[in-house]
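Novice: Pasting in a structure now, in C-alpha cells, and then I'll have a few things to ask.
Where a number appears in this text, it was derived from the coordinates with a stated rule and is not lab data. Since the model is a prediction, treat every value here as computed from it, not as a measurement. Positions of Cβ are generated from backbone atoms using ideal geometry, with glycine treated the same way; all protein chains shown enter the neighbour counts.
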Amino acid sequence: MPDTAPATPHPYQSLTPDAVLDALSGIGLYGDGRLVPLSSYENRVYQVGIEDEKPVVVKFYRPGRWSDAQIQEEHDFALELAAAEVPMVAPRVIDGRTLHHHAGFAFSVSPSRGGRAPELDDFEVLEWIGRFLARIHTVGAKRPFVHRPALDLKNFGIDSRDWLLGHEMVPLDVQKDWERACNDALDLIAGTALSTGAGGRFDSELRSLRLHGDCHPGNILWTPTDREGGGPHFVDLDDARTGFAVQDLWMLLSGDRAQRTGQLSGLLDGYEQFRDFDRRELALIEPLRTLRLLHYSAWLARRWQDPIFPITFPWFGSSDYWKGQIQMLQDQCEAMADEPLYA
C-alpha cells in the first residue's frame, strides 16, 4: 500500500475558495459567491458564478504536470477546433491570453456548458459523434504538437512499469507475477505501431496526428437535438497527445464483441462521411486498452500524496488490487492475440 502520509502539504491544500476568487478577480472576473467544485482528480475545476455574467468554469492545472508551453498547445488546439465550428468547449481569451497564473497555479477560464452523457446504444448518436471526431482529426492532422508527448509504448507502458517497480509500489508477494504479466503484455505491444523508433517518433506506416486523447463518454456532453446547437459538445483536452485516430474511438465502445462491433460501425459510418479511416488501426484497440490499464495504475500511485486520492480510491495498492491487475493483463494478452474488431 502506498504511503498515505505526505511529507509536506500538497499544493492544492492552498487552493481555498478565497484563492479561487482572487485568481479570477486578478483577470477582471468577480465572483458572486457561488462556487461549486466539479468532478476532476487530475486538476481542480470549479463552476463559479460571476457578477453580471453567466457562470464560468475555472480550471487550475496540477503543478508540475504540464509546462506552460504544453498547456498552451492544449488551448491553441481547442481554439482551432472552435474556429472550425467543432463543438469543443474552448478556454476564453481574456486580455489576449487563455493561460493565466495566480499563487503558483496555472489556470484557465471556460464558459459553463451543461449536458448529459451520450446514449451510445443509439446508432444515430454514434454516427453524429463519429462525424465530429472526424472533424477533430481533420484539424488535428494539419500540424503536429511540438511540446506535447506521444501516446505510445514508452510513455504509457514502459515508463509506467519502470516507475511502479522503481518506487516499490507493487507488494513483494505479487511483484514477480505482476512484472511477468506486464512484460508479456509489453512484448506484444512492441510488435505494433505503438512502438517508437529513434527520437520517440512512431515507426509506422500509419499516420499520427493531434488527438483529444481521452475521449471517453464523460468528456462528451450531449444536449437535446431539438435546441439550437444541440448534440455533442467535447470537453477536456487535458490529455491531448500525438497518436493514432483510433485512440479517440475505442473508449466509446463497450459490451461484448457483437455490441462493440455495432458501436464501431456507427462511429465509422459518421466518421467516414468527413475523413478516411485506416482499418489497420483497429488492431491497436487492445494494445491501447492495455497501455491505459498500466498507465492508470501508475497514475494512481504517482498521485497518492494528493489527499483526495486515498479518500476516493481506498482499494488501490493492496495485494488483491495487484492480483486483479495480473488477471487483467493476462486477459489483455489473450485479447491482443485475438482477431481485431472489424467494421
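Novice: Between ASP18 and SER254, with labels modelled 7 Å along Cα→Cβ, what's the label distance in nm to one decimal, could you check?
Specialist: Distance between the two pseudo-spin positions: 4.2 nm.
Novice: Take the chain, connect every pair of alpha-carbon atoms lying under 10 Å apart with a spring to form a Gaussian network, then pick out the residue of HIS167, HIS75, HIS212 with the largest mean-square fluctuation.
Specialist: HIS167
Novice: Going Cα to Cα from LYS176, which lysines come in below 29 Å? Please leave out same-chain ones fewer than 8 positions away.
Specialist: Answer for LYS176, where 29 Å is the Cα cut-off: LYS154, LYS323, listed by chain and number.
Novice: Follow-up. What is the local net charge at ASP214, summed over the other residues whose Cβ is closer than 11 Å to its Cβ (Lys, Arg +1; Asp, Glu -1)?
Specialist: Numbers: positive: ARG241, ARG292; negative: GLU42, ASP236, ASP238, ASP239, ASP248.
For residues surrounding ASP214, the net value is -3.
Novice: Quick one: net charge around PRO224, please, counting Lys, Arg +1 and Asp, Glu -1 for every other residue with C-beta under 15 Å from its C-beta.
Specialist: Once positives and negatives cancel, what remains is -2.
Novice: At 222 nm, what value in deg cm²/dmol follows for the chain if DSSP H runs of at least 4 each add -39500 (n - 2.57) and the sum is divided by all its residues, to the nearest 500?
Specialist: Per the formula, -12000 deg cm²/dmol.
Novice: Would the stretch 11-111 count as rounded, prolate or oblate if I go by the C-alpha gyration tensor, calling it rounded below 1.5 in a/c and otherwise prolate when a/b exceeds b/c, oblate otherwise?
Specialist: oblate
Novice: Going by average Cβ neighbours within 10 Å, how do the peptides 237-245, 80-88 rank, with the highest at the top?
Specialist: In descending order of packing, they fall as 237-245, 80-88.
Novice: Next question. How much length is gained on full extension from ASP173 to LEU38, taking 0.36 nm per residue of separation minus their Cα-Cα distance?
Specialist: Value of the extension gain: 44.8 nm.
Novice: Compactness ratio of the stretch 123-337: Cα Rg over 2.2 N^0.38 Å, N = residue count?
Specialist: Dividing the Cα Rg of the stretch 123-337 by 2.2 N^0.38 Å gives 1.07.
Novice: Test of understanding: extend the Cα→C-beta vector of ASP338 to 7 Å, then name every residue of the stretch 261-289 with backbone N under 16 Å from that spot.
Specialist: Under cut-off, by backbone N: 261-264, 282-289.
Novice: Determine, from the Cβ-Cβ distance of SER112 and ARG289 and an R0 of 25 Å, the FRET efficiency 1/(1 + (r/R0)^6), rounded to the nearest 0.05.
Specialist: Working: r = 32 Å, r/R0 = 1.29.
Here the calculated transfer efficiency is 0.20.
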